[in-house]
Amino acid sequence: MDTESLTTPQNTVPEPEQEGNTLSRYRVLLVLAVAELLAMTLWFSASAVGPELATAWNLSSAETAWLTNAVQLGFVVGAVLSATLTLADTIPPRYLFAVSAGIGAGATTLIALTVSSFLPAVLLRFLTGVALAGVYPTGMKIMAGWFREGRGFAIGALVGALTIGSAMPHLLRAIGGVGRPRLVLLGAAGLAAVSGVTVLFVRPGPYQSPAAPFDPGAVRRMLGDRGTMLANLGYFGHMWELYAVWAWIPVYLTGSFAARGDPAPTLAALLAFATIAVGGIGALVAGVFADRIGRTTVTSGSMIISGAACLGAGFVFGGSLLILVPFLLIWGFAIVADSAQFSAAVSELAEDSYVGSALTLQTAIGFLLTVGSIQVTPIIASAVGWQWAFAPLVIGPFVGTVAMLWLRRLPEANALAGGKR
């Protein structure tokens with residue numbers, strides 16, 4: 001692939017107009033980040049109230065896990081369909097985002113108001129995941145249309161907002177939702193509905209490629225591109241760890257507090273929120289540094305820290321809050337700091353006309369892996385206890401680090417962050 005085509009979009013506008021768009025693009029960044037934050041409250045809306053739903057519906061631990069895994073699988077199905085049909089590149093992105101957020105909000109509202117058993121809840125959670133496949137990668141597509149320089153920071157801000165949004169149900173639960181799952185679900189649905197309206201105020205950016213024709217060969221070319229696939233492999237390793245930790249950190253914390261003789265459900269919910277939400281700061285900081293010192297450097301460093309934390313979680317379990325809280329905040333900061341940079345890398349390495357589909361394909365495979373890690377973590381916990389349940393997740397950051405260091409050595413890496421590997 002020609003290097004110039006990776007860095008120079010086909011629909012560029014005159015340079016003076018590009019310079020004049022500086023204020024506009026940061027205004028778009030703010031609006032889009034808010035929309036992403038609000039929409040992503042749907043992701044863990046049922047998981048955050050899993051203990052209450054498990055009691056009310058008499059769910060087993062495996063069935064409770066499916067309240068999260070159904071979203072993961074739905075996202076995968078939606079993302080595969082979107083990538084195969086190149087929806088993110090043929091439908092105006094803000095409309096795809098808005099409709100998707102509305103569908104997710106509607107499905108979550110139905111769970112809150114009409115569902116009282118496992119099967120319909122799982123089906124509606126699956127639909128929520130399908131809908132979110134039109135939110136997350138589509139938001140990155142919109143952002144790539146506004147940012148060429150500083151793209152790592154911009155997508156980092158977007159993923160940071162997404163991270164805080166994913167943590168929001170835990171905050172909703174902590175401030176009045178303990179024992180009131182319907183309130184948490186309706187709160188998340190309402191925020192997502194506002195998101196769908198908000199994103200309609202985001203207009204296409206000067207670097208957004210024009211709508212591309214349906215091309216069934218585009219996916220084959222994506223899979224055959226060496227640089228793109230190494231960036232994807234790094235992302236896959238990162239994802240193996242990320243969502244398993246996000247899904248089960250409340251249970252880990254409950255077990256840790258119980259080992260100290262104080263269950264403290266409200267404190268566990270607040271600390272779960274903080275552990276996930278601090279990743280929003282991590283994604284933003286990592287975006288700034290990745291644009292300055294390189295994407296492979298930042299992603300490798302983040303995965304080394306988070307991988308070490310998978311093992312370290314066993315040693316701080318049941319310990320003093322003076323040790324546990326800083327440990328979790330560092331882990332939460334690092335575990336998602338690299339996430340946006342894998343997306344930024346693919347947006348720089350992939351074929352320009354099909355960036356949206358490349359990002360969607362990346363997330364589809366990555367989220368498919370999370371189904372396995374989310375499901376296997378409680379199985380490991382049943383064998384060795386929650387103290388060491390996260391230890392096997394270290395294999396993901398290890399594989400991801402190797403992939404990004406390999407990419408760093410290739411000529412394709414010159415396309416990353418303006419030549420900063």
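The values are calculated or read from the model by the stated rules, or taken from the named source; none is laboratory data. Model, not experiment: these values are computed from the prediction. In case anyone asks, the SASA skips ligands and DNA or RNA and just uses the protein heavy atoms, side chains included. Shrake-Rupley method; radii C 1.70, N 1.55, O 1.52, S 1.80 Å.
So the values come out like this:
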item: For the chain, built as a Gaussian network whose Cα springs stay under 10 Å, the top-fluctuating residue of GLY74, GLY261, GLY372; result: GLY261
item: GNM top mover of SER61, SER343, SER100 - the chain, alpha-carbon springs below 10 Å; result: SER61
item: Å² per residue, accessible surface of segment 127-199 at 1.4 Å; result: 26 Å²
item: Heavy-atom SASA rank of THR138, THR198 (probe 1.4 Å, accessible area, largest first); result: THR198, THR138
item: Whole-percent carbon and sulfur share, accessible surface of the chain, 1.4 Å; result: 70 percent
item: Exposure of THR55 as accessible area (Å², to 10), given a probe of 1.4 Å and all protein chains; result: 110 Å²
item: Computed helical MRE - 222 nm, the chain, DSSP H runs ≥ 4 contributing -39500 (n - 2.57), nearest 500; result: -25000 deg cm²/dmol
item: Separation of alpha-carbon centers, segment 188-202 and segment 29-73, rounded to whole Å; result: 18 Å
item: Identified option (computed Cα Rg over 2.2 N^0.38 Å; candidates (i) 0.93; (ii) 1.00; (iii) 1.09); result: (i)
